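> Questions regarding the structure given below will be posed in turn.
The values are calculated or read from the model by the stated rules, or taken from the named source; none is laboratory data. All figures in this text were calculated on a predicted structure; none of them were measured in a lab. Every residue, glycine among them, receives a Cβ derived from its backbone with ideal geometry; neighbour counts consider all protein chains shown.
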Amino acid sequence: MADSNPTAVQPEQDESTEISQPRSRRKGVVIVVLVVLVLVAAGLWWRSTFTEDTDDAQINGHLIQISARIAGQIIKVDVDENQVVKAGDPIAELDPKDFQVAVENAKAALASAEANAAAAQVNVPITTINTGSNLSAAGADVTGAQASVSQAQQQLQAAQARVAQAQANDVKAQADLARYKPLVEKDVISKQQFDAAVAAADAAKAALADAQASQQAASDGVRVAREREKQSVAQLKFAQTGPQQVAAQNARVRQAQAQVQQAKAQLDQAQLNLSYTRIVAPVAGIITRKSVEINQNVSVGQNLLTLVSLEDLWITANFKETQLRHMAAGQPVTIHVDATGKDYKGTVTQIGGATGSVLSLFPPENATGNYVKVVQRVPVRIDFTDLKDEDSTHLLRPGLSVEPTVRVK
């Protein structure tokens with residue numbers, strides 16, 4: 001009954017199997033650790049060789065100072081602090097009454113200038129016709145005056161001849177009277193003959209006086225004819241300035257047209273000033289630093305609020321100077337944003353022209369000679385390439401911290 005003995009000898013276990021299993025398990029763990037270390041080393045090598053990154057970077061954007069372009073009184077404010085606005089949304093409104101009056105005055109001035117220009121334009125053909133007619137009439141007057149002078153001179157010559165004839169007759173009559181006077185005293189001739197000689201002498205003297213008067217009148221006629229000739233010549237010279245008169249009228253037309261353009265410019269300026277009474281957002285953004293209130297009097301250029309633009313955002317990353325050896329514009333960038341936890345795509349646009357320390361308000365200056373080399377940082381601009389798709393709700397804000405990684409190889 002040996003089979004029923006509980007203390008029967010059991011078969012010996014194989015200890016080699018128990019020892020081999022832990023060794024193979026450890027070997028697998030070591031292999032996994034080695035693979036992980038190789039992958040980590042490869043990743044670190046890849047990251048250090050083909051990429052450059054920094055945590056000294058932030059989002060930048062345009063901070064637009066909204067100011068008044070005209071002076072006036074605020075009658076309406078349409079926005080509040082931290083309000084999101086779109087491009088063209090109303091921000092504030094100034095009292096437009098004064099500017100509406102200025103527009104009406106400018107319109108009236110423009111209408112007056114246009115009327116003056118039209119009248120000046122009408123006068124151009126009138127002046128042309130009048131100057132032509134005046135030239136023809138002045139030429140005829142000169143010809144007539146010259147003929148009058150010639151005729152007066154001929155009349156003067158005839159009067160002078162009559163005077164000479166009257167003088168000869170008077171001399172003869174006086175001589176006859178002188179001869180008859182002693183004869184009548186001696187009764188050689190009759191008293192009647194002597195009276196006839198006296199009458200003839202008086203008639204000759206009167207004829208001489210008449211001839212001399214006619215000569216004086218003819219001389220005056222010559223002088224008057226010459227004066228008229230001078231006057232007609234002067235009128236002819238004035239008429240000959242017709243082209244200059246037409247040119248002057250054309251100049252007045254151009255001046256009137258220039259006044260029309262000036263009045264139009266003044267009207268445009270008045271309408272612009274009227275449009276400036278309504279202040280609108282130039283771009284989409286968020287209202288900050290609002291300092292405008294109703295009934296506030298503002299001046300030209302006075303800042304009313306700050307508009308933070310959300311449409312044009314970029315990254316300013318301050319890379320160490322040792323990281324710029326292989327960095328260049330156009331290289332792709334992966335941007336991790338802490339605020340959203342997302343990664344965005346971008347590209348290197350510009351590398352700054354100087355280090356941040358040089359561009360600071362008080363650049364460092366080593367005047368003592370105790371120089372310690374410090375790795376400098378250079379600002380690099382990175383532009384988003386997928387912002388419209390990844391940030392359609394405008395979650396990104398200027399000033400947020402980001403971590404860009406640039407693929408340099």
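> Of a type in the set (A, V, I, L, M, F, W, C), surrounded by 10 or more Cβ atoms within 10 Å (Cβ to Cβ) and at pLDDT 75 or above: does that describe V38?
No.
> Residue by residue through the range 380-392, note down the ones that are surrounded by fewer than 20 Cβ atoms within 10 Å (Cβ to Cβ) and assigned to a strand (DSSP E or B).
R381, D383
> Next question. Taking the range 393-407 only, how many residues are part of a strand (DSSP E or B), out of contact with any helix residue (DSSP H, G or I) (no Cβ under 9 Å at 6 or more places or on another chain) and not β-branched (V, I, T)?
3
> For the range 382-406, what are the residues that are polar (S, T, N, Q) and under 18 Å from T54 (Cα atoms)?
S401, T405, listed by residue number.
> Looking at this structure, is V33 at pLDDT 95 or above and either surrounded by 10 or more Cβ atoms within 10 Å (Cβ to Cβ) or hydrophobic (A, V, I, L, M, F, W, C) (or both)?
no
> Which is farther than 14 Å from V408 by Cβ, β-branched (V, I, T) and at pLDDT 90 or above, of V337, V348, V333?
V337
> Go through the range 118-131 and report how many residues are more than 17 Å from Q255 (Cβ to Cβ) and surrounded by fewer than 14 Cβ atoms within 10 Å (Cβ to Cβ). Can you show your working first?
Step one: filter the range 118-131 for residues more than 17 Å from Q255 (Cβ to Cβ), giving 125-126, 128-131.
Filter again for surrounded by fewer than 14 Cβ atoms within 10 Å (Cβ to Cβ), leaving 125-126, 129.
The qualifying residues number 3.
> Quick test for you: out of S309, S299, pick the one residue that is farther than 16 Å from G399 by Cβ and of a type outside the set (A, V, I, L, M).
The unique qualifying residue is S299.
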